[in-house]
Amino acid sequence: MKLSDILNPEYQRRYGKAMRDWEAGRNLVEAAAVVYGTKSKKALAALIKLRDEELASKRKKGTQLNVSGLGKLTHDGVRFVCRKKTLLYPKSSVIVEVPLELANSESIGLVWTRFCLRERSLLRELESALARYYRKIRLRPGLTGVDPLPSLRRNADIWKTLGKPEIAFTRRRDEIAISFSWSPEWEEEHGLYAALSPDARIVSVGEYGEQ
């Protein structure tokens, strides 16, 4: 493809739409048709090559990405990251991760904004859900022997056992959403996760693999 074609505003519009369709999990052949006007194998191969080249340009450590509502993220060699303040851990800022394959998604900023709008309510909901999960863990065989996990006097005590979380954007089916992860001593082997829906509602809480 000629450089003049790539720089053409109409091509840029069609390519942007195709990438959004791709990220939403739609048929790649349809995405290729949006860009090239044909559903041929050649068009599909060209689109995949173009996408790979674009992702490769973003894989360089130090590359920065600006996301509306979230701010500036920096490639750390594996993913895009930034640090944000959150009510989930008021002591210091926490890592927010955007995987490379989601870097172009326009949903990132919207999902973050929804999380911020619900953060105070979500804090209470997570507190209840995490405390409930902890109490269930205490009943597991092997954890209730001579050195059982201490009981929680109130739900809010759960935060003292968790430490600093990490926040990550993930794909749930064909939607972008946020998940939280901790490595508490009482679930150090598997890790503790909480997954949200795109509108910042709790979907599940548990160890990795239960999500």
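Filter region 101-125 down to the residues that are in a helix (DSSP H, G or I) and acidic (Asp, Glu), then identify the one that is nearest to the chain's Cα centre (by Cα). This residue is Glu101. Is it the case that region 141-149 has a residue that's polar (S, T, N, Q), without any contact (Cβ under 8 Å) to a residue 12 or more places away in the chain, in the same structural domain as Cys82 (by TED's automatic domain parsing) and more than 18 Å from Thr86 (Cβ to Cβ)? Scanning region 141-149, I find at least one residue that is polar (S, T, N, Q), without any contact (Cβ under 8 Å) to a residue 12 or more places away in the chain, in the same structural domain as Cys82 (by TED's automatic domain parsing) and more than 18 Å from Thr86 (Cβ to Cβ), so the answer is yes. When Ala194, Ala200 are screened for being on the phi > 0 side of the Ramachandran plot and surrounded by 17 or more Cβ atoms within 10 Å (Cβ to Cβ), only Ala200 passes.
For region 158-177, the criterion of being more than 29 Å from Val67 (Cβ to Cβ) and surrounded by 14 or more Cβ atoms within 10 Å (Cβ to Cβ) is met by at least one residue. For region 172-182, does any single residue satisfy the condition of being part of a strand (DSSP E or B), at pLDDT below 90, out of contact with any His (no Cβ under 6 Å at 6 or more places or on another chain) and not acidic (Asp, Glu)? Yes: region 172-182 contains one or more residues that are part of a strand (DSSP E or B), at pLDDT below 90, out of contact with any His (no Cβ under 6 Å at 6 or more places or on another chain) and not acidic (Asp, Glu). Out of curiosity, is Ile108 among the β-branched types (Val, Ile, Thr) and either crowded, with 19+ Cβ neighbours inside 10 Å or outside the structural domain of His75 (by TED's automatic domain parsing) (or both)? In short, yes. Residues in region 111-128 that are surrounded by fewer than 19 Cβ atoms within 10 Å (Cβ to Cβ) and within 22 Å of Thr170 (Cα to Cα): 10 in all.
One residue alone among Lys61, Lys42, Lys49, Lys17 is among the charged types (D, E, K, R), in a loop (DSSP other than H, G, I, E, B) and at pLDDT 70 or above, and that residue is Lys61.
Would you be able to say whether some residue in region 87-100 is polar (S, T, N, Q), farther than 19 Å from Glu175 by Cα, modelled with pLDDT of 85 or more and within 22 Å of the chain's Cα centre (by Cα)? Checking region 87-100: at least one residue is polar (S, T, N, Q), farther than 19 Å from Glu175 by Cα, modelled with pLDDT of 85 or more and within 22 Å of the chain's Cα centre (by Cα). Residue check: is Ala131 surrounded by 16 or more Cβ atoms within 10 Å (Cβ to Cβ), among the small types (Gly, Ala, Ser) and assigned to a helix (DSSP H, G or I)? When the stated conditions are applied, Ala131 passes them.
The values are calculated or read from the model by the stated rules, or taken from the named source; none is laboratory data. It should be emphasised that the depicted structure is a prediction, and the values quoted were computed from it without experimental measurement. For neighbour counting, all protein chains shown are included, and Cβ atoms are generated from backbone atoms with ideal geometry for every residue, glycine included.
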